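Asks: Pasting in a structure now, in structure tokens, and then I'll have a few things to ask.
The values are calculated or read from the model by the stated rules, or taken from the named source; none is laboratory data. None of these values were measured; they are calculated from a predicted model. Please note: Cβ atoms are built from the backbone with ideal geometry, for glycine as well, and neighbour counts cover all protein chains shown. Areas reflect the complete protein model, heavy atoms only, side chains present, ligands, DNA and RNA absent. Shrake-Rupley method; radii C 1.70, N 1.55, O 1.52, S 1.80 Å.
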Protein chains: 2
Amino acid sequence: MSKQLPEIKSVSVIAKTRIFEVQSVDLRFSNGEERTYERLTPQRRSSVMVVPIYQVQLILVKEYAVGPERYELTFPKGIVDSGEDPALSANRELQEEIGFGAKTIEPLRSLYSGPSHMYGLMHLFVAQDLYPSQLEGDEPEPLDIIYYPLNKIDELLADPNFAETRNLSALFLLREYLNAKN
Amino acid sequence: MSKQLPEIKSVSVIAKTRIFEVQSVDLRFSNGEERTYERLTPQRRSSVMVVPIYQVQLILVKEYAVGPERYELTFPKGIVDSGEDPALSANRELQEEIGFGAKTIEPLRSLYSGPSHMYGLMHLFVAQDLYPSQLEGDEPEPLDIIYYPLNKIDELLADPNFAETRNLSALFLLREYLNAKN
């Protein structure tokens, strides 16, 4: 049995920059308590993350992240263009970021991440049957491409530096997928 | 071999609300490309998430998340108070959110989550040897408390609705921890 959702009494935009928009949300909980919460405006466009498999290896990329101010080992990812099918976005990002297209793209899970005051859906795919194909992206510099053996996934999962929850969730879900296939 | 980090030429606060602060960051990449990125100001205070085990069950909570506007199945969590040891924060949050203290608190991993334009560290713990103890928290309403059998973790991991990457990472890491113990 689910609790009755709080009533949203009003929502207003209180700050807006080029990429962030903050809303103030007045809520009344079912017990009568009232609170004003802030949140990032829920994203209208979803994103994709793709785990590419090439022969017996994973392909990862190293990309600069301005939050932690460092290069991070992650998977190709990006925003779904307006009206674009997420599987097509996944294939486009692959071609932009690692120079491969995929003949086989399968959905693994639709995930979201981060604190409860933000929301954006990220569609996770596994890409296989890769062929060379390069598309121009908007990255400021070419990404370093890392090949990682599939039979060492457990080591990467146990690495305390591999600590970003989208990447970690993606790799755990990939292991489940591979185990189910074998 | 790691690429040289981009030079951060300037950082300025461009928006500020009660809980959000947005910075604009001027960067020069090592290839000479210049970009202006935005980010949420990296968090000075870290957070904790705790997976409590009571006999042969996990304890989860249902908490309202204003981003997706729904109640979510998650684990007790909260912010580390200034100067507080994260393991103590974990034990405090347990007492505030589920009415149990823990005699045994072990670190599982320090995680972070979300897009590359934000950063906050979250310390993940497993809590065992629970005893009843209630502390007053700042929740607008009591949280629903859900007991979930340890031997059904695989089912929860496979549930497409269990899709928030911090929760998913926490549960996968707990399964690794339990498998290593047995």
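Asks: Relative contact order for region A:47-181: what is it in percent, counting Cα pairs under 8 Å that are at least 6 residues apart?
Replies: Numbers: 241 pairs, mean separation 39.4, N = 135.
It rounds to 29 percent for region A:47-181.
Asks: Here is a further query. Count the net charge of all other residues whose Cβ sits under 11 Å from the Cβ of A:Ala102, scoring Lys and Arg as +1 and Asp and Glu as -1.
Replies: Neighbourhood net charge equals -1.
Asks: Something else about it: What residues in region B:135-155 lose 10 Å² or more of accessible surface when the other protein chains are added to their chain alone (1.4 Å probe)?
Replies: Going by heavy-atom accessible area, the residues of region B:135-155 that drop by at least 10 Å² are B:Asp138, B:Pro140, B:Glu141, B:Pro142, B:Asp144.
Asks: If you take the accessible area of A alone, add that of B alone, and subtract the area of the pair, what total do you get in Å², probe 1.4 Å, to the nearest 100? The partial results should precede the final answer.
Replies: Details: alone 11730 and 11700 Å², together 17130 Å².
Heavy-atom accessible area buried at this interface is about 6300 Å².
Asks: Oh, and also: What is the local net charge at B:Lys62, summed over the other residues whose Cβ is closer than 9 Å to its Cβ (Lys, Arg +1; Asp, Glu -1)? Mind showing how you got there, number by number?
Replies: Values: positive: A:Lys3; negative: B:Glu63, B:Glu72, B:Asp144.
Value of the local net charge: -2.
Asks: Can you give the accessible area of A:Ser82 in Å² (nearest 10), computed on protein heavy atoms with a 1.4 Å probe?
Replies: The accessible area comes out at roughly 110 Å².
Asks: Need one word for region A:47-181: rounded, prolate or oblate. Basis is the Cα gyration tensor (sqrt eigenvalues a ≥ b ≥ c); a/c below 1.5 gives rounded, then a/b vs b/c decides.
Replies: Values: a/c = 1.17, a/b = 1.02, b/c = 1.15.
Judged from the Cα gyration tensor, region A:47-181 comes out rounded (a/c under 1.5).
Asks: On to the next question. Just to verify a number: what accessible area does A:Lys152 come out at with the full protein assembly present, 1.4 Å probe, Å² rounded to tens?
Replies: Surface accessible to solvent at A:Lys152 totals approximately 90 Å².
Asks: Going by amide H atoms built from the backbone, whose H comes under 5 Å of the H on B:Met122, apart from near neighbours?
Replies: For B:Met122, the qualifying residues are B:Ser47, B:Leu111, B:Tyr112.
Asks: A further question on this structure: Residues with amide H under 5 Å of A:Ala15's amide H, sequence separation 5 or more or different chain, H placed in the peptide plane at 1.01 Å from N; which?
Replies: Distant-sequence amide H within range of A:Ala15: A:Val22.
Asks: If you fit an axis through the alpha-carbon atoms of helix A:86-97 and take the longest principal axis of the Cα set of chain A, what angle between them do you get, 0 to 90°, nearest 10?
Replies: So the inclination is approximately 60 degrees.
Asks: Right, something else. Would you work out which of A:Ile98, A:Gln134, A:Ser12 lies farthest towards the positive end of the dipole of chain A? Charges go on Cβ: Lys and Arg +1, Asp and Glu -1.
Replies: With unit charges placed on the Cβ atoms, the residue in question is A:Ser12.
Asks: Just how much of B:Ser133 is accessible, in Å², when a 1.4 Å probe is used and the result is rounded to the nearest 10?
Replies: 30 Å²
Asks: With each run of n ≥ 4 DSSP H residues scored as -39500 (n - 2.57), what mean residue ellipticity at 222 nm is computed for chain B after dividing by its residue count and rounding to the nearest 500 deg cm²/dmol?
Replies: On the way: 3 runs with 35 residues, N = 182.
The helix contribution divided over chain B gives -6000 deg cm²/dmol.
Asks: Which ³J(HN,Hα) values, rounded to whole Hz and listed in residue order, are derived for region A:6-20 from phi using the Karplus coefficients 6.51, -1.76 and 1.60 in 6.51 cos²θ - 1.76 cosθ + 1.60 with θ = phi - 60°, glycine and proline given as x?
Replies: x, 7, 8, 7, 6, 10, 9, 7, 10, 7, 8, 10, 4, 10, 10
Asks: Another question, then. Would you work out the charge dipole size for region B:107-182 about its Cα centre, treating the Cβ of every Lys and Arg as +1 and the Cβ of every Asp and Glu as -1, and quote it to the nearest 20 debye?
Replies: In debye, rounded to 20, region B:107-182 gives about 480.
Asks: Put a dot 7 Å past each Cα toward the Cβ at A:Ile8 and B:Arg28; how far apart are the dots in nm?
Replies: Those two pseudo-labels are separated by 4.4 nm.
Asks: Name the long-range amide H neighbours of A:Val51: under 5 Å, sequence gap of 5 or more, or other chain; modelled H, no Pro or chain starts.
Replies: Result for A:Val51 returns A:Phe125, A:Val126, A:Ala127.
Asks: Only four residue types carry charge here, +1 at the Cβ of Lys and Arg and -1 at the Cβ of Asp and Glu. Report the dipole size of region A:31-87 about the Cα centre in Debye, rounded to the nearest 20.
Replies: Details: 7 positive and 9 negative charges, 26 e Å.
Roughly 120 debye for region A:31-87.
Asks: For B:34-40, what's the mean count of beta carbons from other chains sitting within 10 Å of each residue's beta carbon? Walk me through the numbers on the way to the answer.
Replies: On the way: counts 1, 6, 1, 7, 5, 7, 6.
Per-residue shielding by partner chains comes out at 5.
Asks: Is there a quick way to get the dipole size of the protein assembly as shown? I mean about its Cα centre, with the Cβ of Lys and Arg at +1 and of Asp and Glu at -1; what is the value in debye to the nearest 20? Display every interim value, and only then the final one.
Replies: On the way: 38 positive and 54 negative charges, 15 e Å.
Here the protein assembly as shown has a charge dipole of around 80 debye.
Asks: Give me a comma-separated list of calculated 3J(HN,Hα) values for region A:175-180, in order, Karplus coefficients 6.51, -1.76, 1.60 applied at θ = phi - 60°, integers in Hz, x for any Gly or Pro.
Replies: My calculation for region A:175-180 gives 4, 4, 4, 5, 5, 5 Hz in order.
Asks: Accessible area of region B:47-181 with a 1.4 Å probe: how many percent of it is carbon plus sulfur? Spell out each step's value before the answer.
Replies: Working: 2720 of 5460 Å².
Heavy-atom surface of region B:47-181 belonging to carbon and sulfur, 1.4 Å probe: 50 percent.
Asks: Distance from the Cα centre of region B:41-102 to that of region B:1-27, in angstrom?
Replies: Using only Cα atoms to place each centre, the spacing works out to 29 Å.
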